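Let me begin by presenting the structure, written as structure tokens, before commenting on it.
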Amino acid sequence: MNPLDNIYVVLVGTLYTGNVGSACRAMANMGIRHLRLAAPNLQNSWEEGERMAVHATDVMSSREEFSTFEEAVADCIAVVGTTAREGLYRQHVKPPRDAAADLLALASQGKVAIVFGREDKGLLNEEVAQCTHLVRIPVDEGYTSINLSQAVLITCYELFTASGHYVPPHEKAPPVVQAQKNQLMKNWANMLCEIGFMKPEQTDHFMQGFQRVFSRGVFTRDDAALMLGVARQAIWSAGKGLSSQKAEG
């Protein structure tokens with residue numbers, strides 16, 4: 001089974017539906033579909049939540065609501081609290097990236113709650129004390145407060161990437177072999193001579209520069225100047241050819 005199917009995002013004492021909607025969007029981006037609200041204290045209508053959820057309204061509409069934190073996590077084999085504060089019960093925190101593999105392993109066995117606290121004061125000490133794991137998102141010490149939905153996104157992202165479900169794009173064509181590279185260099189040299197960029201006796205000198213560009217790309221100002229010189233000479237040569245054709249016509 002996909003362990004992400006056993007990840008449950010639990011929002012405790014949430015104040016604003018817009019944050020709930022944004023959290024739903026973040027969850028859907030990362031393949032996590034289960035949302036629970038524990039003792040929500042919502043101050044506005046669900047219209048804002050629906051607007052912020054965009055195409056993740058199904059996650060929001062299928063949410064579960066519980067009267068207490070204890071009820072929201074009662075059937076979970078692990079309860080992972082997110083906290084930005086230090087202090088009692090908070091010394092064993094890990095960054096989400098470091099904790100992700102272990103949490104996914106647990107999720108392959110049962111439900112794992114990822115718990116986020118209130119927008120204004122986070123999780124209470126008594127709630128933190130009930131967590132089996134704690135995670136803290138690394139941030140600059142000068143400003144440690146993170147928006148609720150941003151915290152959900154970052155944490156879910158680490159779980160998603162650790163799950164291995166994302167396959168990065170890759171080149172469809174096979175790598176070029178040396179024989180083809182050599183042919184490219186010969187044809188390129190012939191073309192440069194034909195357009196008047198260089199003379200045949202300058203081939204060894206210039207082709208070392210092009211070999212460097214073809215091997216690593218345009219990396220330095222000299223590389224860019226070399227390629228721009230080719231482009232200018234090719235444009236000039238093409239224009240000269242067209243002028244000659246018109247004169248002959």
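The values are calculated or read from the model by the stated rules, or taken from the named source; none is laboratory data. All figures in this text were calculated on a predicted structure; none of them were measured in a lab. Glycine gets a Cβ as well: all are built from the backbone with ideal geometry, and neighbour counts include every protein chain shown.
General observations
- Among (1) surrounded by fewer than 14 Cβ atoms within 10 Å (Cβ to Cβ); (2) over 16 Å from Leu159 (Cβ atoms) - the single one Gly49 does not satisfy: (1)
- Looking only at the range 28-46, and only at residues there that are of a type outside the set (S, T, N, Q) and in a helix (DSSP H, G or I), the one that is surrounded by the fewest Cβ atoms within 10 Å (Cβ to Cβ): Trp46
- Residue among Gly13, Gly81, Gly21 that is over 26 Å from the mean Cα position of the chain (by Cα), surrounded by 18 or more Cβ atoms within 10 Å (Cβ to Cβ) and under 24 Å from Val139 (Cβ atoms): Gly13
- Number of positions in the range 155-179 that are assigned to a helix (DSSP H, G or I) and surrounded by 10 or more Cβ atoms within 10 Å (Cβ to Cβ): 9
- Residue identified as out of contact with any Gly (no Cβ under 8 Å at 6 or more places or on another chain), part of a loop (DSSP other than H, G, I, E, B) and not assigned by TED's automatic domain parsing to the domain that holds Ala101 among Gly196, Gly209: Gly196
- Checked against the criterion of being surrounded by 10 or more Cβ atoms within 10 Å (Cβ to Cβ), in a helix (DSSP H, G or I) and assigned by TED's automatic domain parsing to the domain that holds Arg25, the candidates Ala151, Ala189 yield just one match: Ala151.
- Listing of helices (runs of 4 or more DSSP H) fully contained in the range 68-140 that carry 1 or more residues being of a type outside the set (A, V, I, L, M, F, W, C) and at pLDDT 95 or above: 69-72, 96-107
Listed here are the residues, each with its yes/no results for (1) in a helix (DSSP H, G or I); (2) under 20 Å from Pro96 (Cβ atoms); (3) not assigned by TED's automatic domain parsing to the domain that holds Val112.
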{"site": "Leu11", "(1), (2), (3)": "no, yes, no"}
{"site": "Arg25", "(1), (2), (3)": "yes, yes, no"}
{"site": "Arg51", "(1), (2), (3)": "yes, no, no"}
{"site": "Val54", "(1), (2), (3)": "yes, no, no"}
{"site": "Thr57", "(1), (2), (3)": "yes, no, no"}
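One line per residue, one yes/no per condition, for (1) of a type in the set (Ser, Thr, Tyr); (2) farther than 27 Å from Ala231 by Cα:
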| residue | (1), (2) |
| --- | --- |
| Thr132 | yes, yes |
| Asp140 | no, yes |
| Pro169 | no, yes |
| Lys172 | no, yes |
| Gln180 | no, no |
| Leu192 | no, no |
| Phe197 | no, no |
